[in-house]
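Taken together, the values in this text are just the output of simple stated rules run on the coordinates, not laboratory data. From a predicted model like this one, the values you see are computed outputs, not experimental measurements. Glycine gets a Cβ as well: all are built from the backbone with ideal geometry, and neighbour counts include every protein chain shown.
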Amino acid sequence: MRYRERLWGNLCRIAERALPVPALSLVLLPFAVVTATLELAGLKRSEVTLCDILRMPESLLPGGRGWRRIPRIWCTRVALTMTGYTYFWVDRYREPRWSRRCTFNGIKHLNQALEGGRSVLLLYLHVGNLSLLPNWLRARGYKTAVIAVKDIRRVSPFWAQIGHQANLANQLTEVPLVFQVDQLAEALRFLKRPGVILATGIEETRDLANPSIGRKTLLMTRKDYAISLASGGLRLAEMAKAQIVPCLITSSGIMGCKIHIGTPVPELEADSPLRYQFACEHLMQAFDAWSPLWKGQYLLGSFLHAVRPAPIETLRPACAAPGSGPKTGPGCGWAVSTGATRLAK
C-alpha cells in the first residue's frame, strides 16, 4: 500500500513539474472521475457516500430535487478530488502558479484578530478539503497548527518528507503543524504564544474531551436541522485568552480553493452563563452566510454525524443579548446538553 502511495505521489509530482496547470488538470481528471464515482457509490473507502448526502436535510443539499441533485453532487466530489491532488505538492504552494489558485475572503479579519500579538483559534465545520487549510495559511506566512483527531503520527516516510519540505519552503520548521487530541496541553501552550493560529473543528464529534477542558454540547437549531457543537474549542480559547474566528475552506475553480474568514467572536464576561451559546450563534451565522458555497462539499463524516432533524420543541433563541427577553426568528435557537441532561426552555 505504501509502495503504491509513494509511486502515485511521485508520478503526480513529476507531472506537476512538467506540465502547465490546464494540461495537468486534464491528465488528472480521469483519475478524479473514477475515484469520486467509486467513493460516492461506496465501492471505495470513504466516510461520506451518495446515500449519506441524500439523507441530509433539505437546506444542506445542493439545488434541484430528487435525482436531479445527483449530477451536481457528483461534480462537486470530482472537484474536491481534483483540489485534493494538490496536497502531493504542498511544498510548492508558495510558487506563483499555485498561490494564485487559493484566494482568501475576509483575510483582513484574521489580520485584525492577530494585531497586538494576540493568538487566534480558527473554528470550522468539517466541509471541503480541510487538510489543505493549515498548509495554505502556512504558505502565506501564518504560524498555523491544527488539532486532528485521526492519529497521523505513524505517517509514511513519503508524507513525512513532503511535510518537511513544506516546512522548509515556508520557513516554519520551528512551528508544529499538527496536535493530536491527547496533546491538548501542548496545544494550549502553543495557543498562548503571541501571533500564532490554531485551527480545529467545532462539531460535537470532534469535541476536545479532556478533564481539564470539560465537555458540553450545544444544540444549535437552524431552518430544518439542528447541529451539535462542542464547547471544547471555546474553552481552549478562553484558557489561552485567544480570539475566536470562524473559518471555512471550499473548492473553487480548477484545482483551486477559497478560504473564508469571518469576524471575530465578540468577547463576553468570563462569568456569563450564556457565553458559549452566543459564541456558537456567531459562528453559525457566519457558516450560514457561506452555505451556498459549501453545500454538498462533504468529505468527512464529522459534519454529517453532528447534524440531525430539527427538534419539534421550541428552543430558547441564542441570538438575543444577555439579559434581554426572548426574540423570535427562524433558525435561531439553542439547547445545552451535558451528559444525559438537556436544558431547554
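State the answer as a single residue: which of ALA286, LEU130, ILE261 lies farthest towards the positive end of the charge dipole of the chain, with beta carbon charges of +1 for Lys and Arg and -1 for Asp and Glu, about the Cα centre.
Ranked along the dipole, the leading option is LEU130.
Using only Cα atoms, locate the centre of segment 109-168 and the centre of segment 250-299, then give the distance between them in Å, rounded to an integer.
Using only Cα atoms, the two centres lie 17 Å from each other.
Suppose the Debye formula is applied to equal point scatterers at every Cα of the chain; what is log10 I(q)/I(0) at q = 0.13 Å⁻¹?
Taking Cα atoms of the chain as identical point scatterers yields -1.06.
Give the relative contact order (percent, whole number) for the chain; include only Cα pairs under 8 Å separated by 6+ residues. Don't skip to the end; give the middle numbers.
Values: 571 pairs, mean separation 75.5, N = 345.
Over the chain, the number comes to 22 percent.
Span-like helices, the chain: DSSP H, alpha-carbon axial extent 15 Å or more, mean Kyte-Doolittle -0.5 or greater, which ones? Mind showing how you got there, number by number?
Values: long enough: 2-18 (24 Å, -1.02); 21-41 (29 Å, 1.94); 69-84 (22 Å, 0.29); 157-170 (20 Å, -0.26); 275-289 (22 Å, -0.25).
Long hydrophobic helices here: 21-41, 69-84, 157-170, 275-289.
Sorted by packing (mean other beta-carbon atoms within 10 Å per residue), highest first, where do 182-194, 296-308 land? Before the final figure, lay out each step's value.
Numbers: 182-194: 15.8, 296-308: 20.8.
The most tightly packed comes first, giving 296-308, 182-194.
Just need the relative contact order of segment 60-146 here, percent rounded to a whole number, with Cα pairs under 8 Å and 6+ apart.
27
Filter the cross-link list LYS44/LYS295; LYS192/LYS258; LYS150/LYS192; LYS150/LYS258; LYS143/LYS241 down to pairs whose alpha-carbon distance in this structure exceeds 20 Å.
Numbers: LYS44/LYS295 22 Å; LYS192/LYS258 28 Å; LYS150/LYS192 24 Å; LYS150/LYS258 24 Å; LYS143/LYS241 17 Å.
In this structure, LYS44/LYS295; LYS192/LYS258; LYS150/LYS192; LYS150/LYS258 exceed 20 Å between Cα atoms.
Using the crude model of +1 on Lys and Arg Cβ and -1 on Asp and Glu Cβ, and no other charge, please compute the dipole size for the chain relative to its Cα centre, in debye to 20. Intermediate results must be reported in sequence, preceding the final value.
Values: 44 positive and 24 negative charges, 140 e Å.
Taking the Cα centre of the chain as origin, the dipole is about 680 debye.
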